[in-house]
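Only one structure is covered here, and it is reproduced in the block below.
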Amino acid sequence: MEPTLDDIRAARTLLREHLPPTPMWSYPLLDRAADATVLVKHENTQPVGAFKVRGGLTLLAGMSDTDRKRGTVTWSTGNHAQSLAYAGRVFGTECTVVMPAGTPAFKVAAVESWGARAIRADASLEAAERRAREHAEQTGARLISPGDTPELLAGVGTVYLEILEARPDVDAIVVPVGSGTGAAAACLAAAALAPRCAVIGVQSAASPAAHDSWRSGELVERPNRTAAAGLATGRGFALPQQIMRGRLADFLLVDDERITEARRLLAATAHTLAEGAGAAALAGVLSRPDLFKGRTVAVVCTGGNADPGELATLAGA
Ligand SMILES: *Cc1c(COP(=O)(O)O)cnc(C)c1O
């Protein structure tokens, strides 16, 4: 089940005709604020505004025509949903997304804008997952877990090929974590291509399930209260946790206020609109000068789908 570097390389071949590599830049004012050389990997420039599109396209590109005709069904409040919806449009595959009640209308509209069908479940992500399972059983559509699908992990791993090929000298890559597919893929790429580069995960202290699962070595459930949608999960996912175990160098928790500061800093110094999760890696760097001072650090700006609340708080206190 665990993807390998070869799977990530194969994903890059599949993606080549669909997505150009994203830019990675550093900014003197940001470096000064962080007291480090910060390389911002701009996944916010993807067509759906987040890195996850690499996973959705890789999954669909690798499916047989018969499987594509079955359609896909998943559960999500945001970027994973848009990724599968977008990939469904590219490959002509029907995509159904179960979204928890209370998902903001603009997120539902984004999914529908790519031609996918959105179904509302009860309020929790768990209820949405159950509803998605039922839908898969009733219709034969393929159920896609956001965290435990190897093709998604291989696809998002292409971010790390791009980073490490452009800058094999990086001391660390800092990755925001929700389910953990991105950080797990970063571990696989770094172990193979740059063993001295530390991969460091960051999650919100208000939703620490992935962090606590990694620290304890078991899949645990935790309260899920962060405002940063991409970091919001109530449980650890088996596949990424298994890969991160023993390979991730460290896992930081930051509070949501620090994520807001990092969003403002990205806007002010890197002319970049980040959603909360997209600024979490930078928040991690800012929170631990003891780890990063004087180092060359890649931070993945995983997404730019800021919600109205995130836009409103950009202006500062
Ligand atoms: C999903 C997401 C994350 C977390 O990625 P995982 O692979 O689920 O750990 C981080 N940032 C953004 C913007 C996301 O959409």
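Tabulated data
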read-out	value
Members of the stretch 228-240 that are over 15 Å from the mean Cα position of the chain (by Cα) and part of a loop (DSSP other than H, G, I, E, B)	G234
Qualifying residue in the stretch 101-113 (condition: buried (at least 19 other Cβ atoms within 10 Å of the Cβ) and within 29 Å of I243 (Cα to Cα))	no
Residue, nearest to A154 (Cα to Cα), within the stretch 59-80, restricted to residues that are within 16 Å of the ligand (Cβ to nearest atom) and out of contact with any His (no Cβ under 7 Å at 6 or more places or on another chain)	L59
Those residues of the stretch 54-89 which are of a type in the set (S, T, N, Q), free of Cβ contacts under 8 Å to residues at least 12 places away in the same chain and assigned to a helix (DSSP H, G or I), in sequence order	T66
Identity of the residue in the stretch 126-146, more than 16 Å from the ligand (Cβ to nearest atom) and small (G, A, S), that ends up surrounded by the fewest Cβ atoms within 10 Å (Cβ to Cβ)	G140
Some residue of the stretch 69-79 being of a type in the set (D, E, K, R), at pLDDT 95 or above and not assigned by TED's automatic domain parsing to the domain that holds A10	yes
Segments classed as helices (runs of 4 or more DSSP H), wholly inside the stretch 256-317, with at least 2 members that are within 16 Å of the ligand (Cβ to nearest atom) and surrounded by 24 or more Cβ atoms within 10 Å (Cβ to Cβ)	256-270, 276-287
Within the stretch 39-53, tally of residues that are over 14 Å from G157 (Cβ atoms) and either of a type in the set (S, T, Y) or part of a helix (DSSP H, G or I) (or both)	2
Helices (runs of 4 or more DSSP H) lying entirely in the stretch 147-221 (those with 1 or more residues that are surrounded by fewer than 23 Cβ atoms within 10 Å (Cβ to Cβ), away from the ligand (no atom under 16 Å from the Cβ) and more than 17 Å from the chain's Cα centre (by Cα))	158-166, 181-193, 209-216
Some residue of the stretch 15-38 being of a type in the set (F, W, Y), assigned by TED's automatic domain parsing to the domain that holds V297, touching a helix residue (DSSP H, G or I) at 6+ places or on another chain (Cβ under 7 Å) and surrounded by 17 or more Cβ atoms within 10 Å (Cβ to Cβ)	yes
Test: residue in the stretch 241-251 that is in a helix (DSSP H, G or I) and more than 13 Å from the ligand (Cβ to nearest atom)	yes
Subset of the stretch 80-122 [more than 14 Å from H135 (Cα to Cα), charged (D, E, K, R) and at pLDDT 95 or above]	R89, E112
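The values are calculated or read from the model by the stated rules, or taken from the named source; none is laboratory data. Everything quoted here is computed from the prediction, not taken from an experiment. Here Cβ is always computed from backbone atoms with ideal geometry, including for glycine, and neighbour counts include all displayed protein chains.
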